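Take a look at the structure set out below.
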Amino acid sequence: EQPTSPKQFHLGMFEIGRPLGKGKFGRVYVARERTKGFICALKVLHKHELQQGKVEKQLRREIEIQSNLRHPNILRLFGHFHDSKRVFLILEYAGKGELYKHLRRETKFPEWKAAQYIAQMAAALQYLHKKHVMHRDIKPENILVGIHGEIKISDFGWSVHAPNNRRNTMCGTLDYLPPEMIKPGSSDNYYTEKVDLWSLGVLTYEFLVGEAPFEDTPVMTQRKIARGEMTVPSFVSPEAKDLIKRLLVLDPEKRIPLDEVQKHPWIIKHCVRGE
Ligand SMILES: Cn1ncc2ncnc(NCCc3cnc(NC(=O)Nc4cccc(C(F)(F)F)c4)s3)c21
């Protein structure tokens, strides 16, 4: 009989629904798999754009890394297929869409909500780091919200296995880059998964304040990051400020580890046990 999870997918298997958004490299649609009515998100990438962007290897790495990840706060990549012109990613559908849209609409999150999101991020990052995978592009734009309000880290297009001493020129915002990825390279400027701890600190700040801590012109942002120069507004609670300060530490080795993030007083205060 028909194998339950056919390894071969093709476009005819899906009924395409509304567009969910468009990224740099392609669009995403809700899709329903015809035989079982299974709802997913289908990301369509155009091969010529991937070739022009010289990112085919990155995409293969993303597919390889993400197909082995199973965590409630990490968006699943169920499979992929291609036709003559396009590559398709079959992704878990996040029912409440993009987190950054919620953040922009609400300006900033109340401390209880920010703490729950950061606790879920820390759990997902702990799972990733145990597999020596660093995401390297943690920011609100890469976080989706599931139907039950849980967050899902997504878009592993920049993830790699740690440690990594190749400097991929990152595109997009500088706001989330840690100092060790900004400093002009001494030869041994390799970096580890601790880069995600810095980004978690930037994310905590942005959830509570509504803007990134080093936001400025590109040149000034790089300088502020390299010096760890930022101020936390007085409306942020002392506990939240303490966690931000322990994550935004210039020396990667001195950043608070993820298991201590999950036991931090600010997280404990807002995350009801056994929730
Ligand atoms: C908006 N939205 N709302 C609900 C919802 N539910 C699920 N998904 C959504 N959106 C898609 C989220 C993504 C997940 N994984 C991605 N991966 C990727 O885009 N990879 C990728 C692309 C181009 C180039 C490269 C390369 F080569 F550079 F590596 C890598 S995008 C949803």
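With the other protein chains left in place, how much accessible area per residue, in square angstrom, belongs to the chain at a 1.4 angstrom probe? Display every interim value, and only then the final one.
Working: 14330 Å² over 275 residues.
In whole numbers, the chain has 52 Å² accessible per residue.
Near Val160, the amide H atoms lying under 5 Å from its own belong to Met134; only residues 5 or more places off or on other chains count, and H is placed 1.01 Å from N. Near the amide H of Ile74, within less than 5 Å, lie the amide hydrogens of Ile153, all on another chain or at least 5 residues away, with H placed in the peptide plane.
Given the alpha-carbon gyration tensor of the chain, what are the semi-axes of its equivalent ellipsoid in whole angstrom, ordered largest first, with each equal to the square root of 5 times an eigenvalue?
Values: eigenvalues 212, 100, 58 Å².
Each semi-axis is the square root of five times an eigenvalue, giving 33, 22, 17 Å.
Put a dot 7 Å past the Cα of Ser67, heading toward its Cβ, do the same for Glu106, and the two dots end up 3.6 nm apart.
Model label points for Glu229 and Tyr190, set 7 angstrom from Cα along the Cα-to-Cβ axis, are 3.3 nm apart.
The alpha carbons of segment 21-148 give a radius of gyration and a Dmax of 15.7, 49 Å, in that order. Under 8 Å for C-alpha pairs, at least 6 residues apart: give me the relative contact order for segment 45-129, rounded to a whole percent. Here the relative contact order equals 26 percent.
For the chain, the relative contact order works out to 16 percent when only alpha carbon pairs closer than 8 Å and six or more residues apart are counted.
Ordering Val236, Gly97, Trp198 by the projection of their Cα atoms onto the charge dipole of the chain, which places +1 on the Cβ of Lys and Arg and -1 on the Cβ of Asp and Glu, puts Gly97 at the extreme positive end. Amide H to amide H distances under 5 Å link Arg86 with Lys47, where only residues 5 or more positions off or on other chains count and H is placed in the peptide plane.
The phi torsions of segment 37-46, fed into the Karplus equation with coefficients 6.51, -1.76 and 1.60 and a -60° offset, translate into couplings of x, 6, 8, 8, 10, 10, 9, 9, 10, 8 Hz, rounded to whole numbers, with Gly and Pro shown as x.
Give me Rg/Rg_expected for segment 194-243, where Rg uses Cα atoms only and Rg_expected = 2.2 N^0.38 Å with N residues. Spell out each step's value before the answer.
Numbers: Rg = 10.9 Å, N = 50, 2.2 N^0.38 = 9.7 Å.
Dividing the Cα Rg of segment 194-243 by 2.2 N^0.38 Å gives 1.12.
Determine, for each peptide in 213-225, 87-99, 12-24, the mean count of other beta carbons within 10 angstrom over its residues, then list the peptides with the highest first. Write out the running numbers ahead of the final one.
Details: 213-225: 16.2, 87-99: 19.4, 12-24: 12.6.
So the order, starting with the most tightly packed, is 87-99, 213-225, 12-24.
Using the Cα centre as the reference, give the magnitude of the dipole from point charges on the C-beta atoms of the chain (Lys, Arg: +1; Asp, Glu: -1; all else neutral), rounded to the nearest 20 debye. Intermediate values should be presented prior to the final figure.
Numbers: 44 positive and 33 negative charges, 120 e Å.
Dipole magnitude for the chain comes out near 580 debye.
Given R₀ = 30 Å, FRET efficiency for Lys263-Lys113 by Cβ-Cβ distance, to 0.05? List each step's numbers first, then the result.
Values: r = 20 Å, r/R0 = 0.65.
Efficiency, from the Cβ-Cβ distance: 0.95.
One equal scatterer on each Cα of segment 98-140, no solvent, Debye formula: the resulting log10 I(q)/I(0) at q = 0.17 Å⁻¹ is -0.56.
Taking the Cβ-Cβ separation of Arg18 and His148 as r and a Förster radius of 30 Å, what is the calculated FRET efficiency to the nearest 0.05? Mind dumping the intermediate values first?
Numbers: r = 21 Å, r/R0 = 0.71.
After rounding to 0.05, the efficiency reads 0.90.
Mind scanning Lys24/Lys85; Lys57/Lys108; Lys22/Lys108; Lys113/Lys183; Lys113/Lys241 and naming the pairs with a C-alpha gap bigger than 26 Å?
Checking Cα-Cα distances, Lys57/Lys108; Lys113/Lys183 exceed 26 Å.
Here the contact order of segment 177-246, divided by its residue count and restricted to Cα pairs under 8 Å and six or more residues apart, works out to 34 percent. The stretch between Thr217 and Ile182, if pulled fully straight at 0.36 nm per residue, gains 11.1 nm over its current Cα-Cα span. Computed from the Cβ-Cβ distance with R0 of 35 Å, the FRET efficiency linking Thr173 to Lys7 stands at 0.40.
Highest mean first, how do 68-80, 194-206, 29-41 rank when packing is the count of other Cβ atoms within 10 Å averaged over residues?
Per-residue mean Cβ counts within 10 Å order the peptides as 194-206, 68-80, 29-41.
Along its first, second and third principal axes, ordered by size, segment 1-93 spans 41, 26, 26 Å in Cα coordinates.
The values are calculated or read from the model by the stated rules, or taken from the named source; none is laboratory data. Small disclaimer: the values here were computed from a predicted structure and weren't measured. Counting neighbours? That spans all protein chains shown, and the Cβs are built from the backbone with ideal geometry, glycine included. For accessibility, only protein heavy atoms count, side chains too; no ligands or nucleic acids. Shrake-Rupley method; radii C 1.70, N 1.55, O 1.52, S 1.80 Å.
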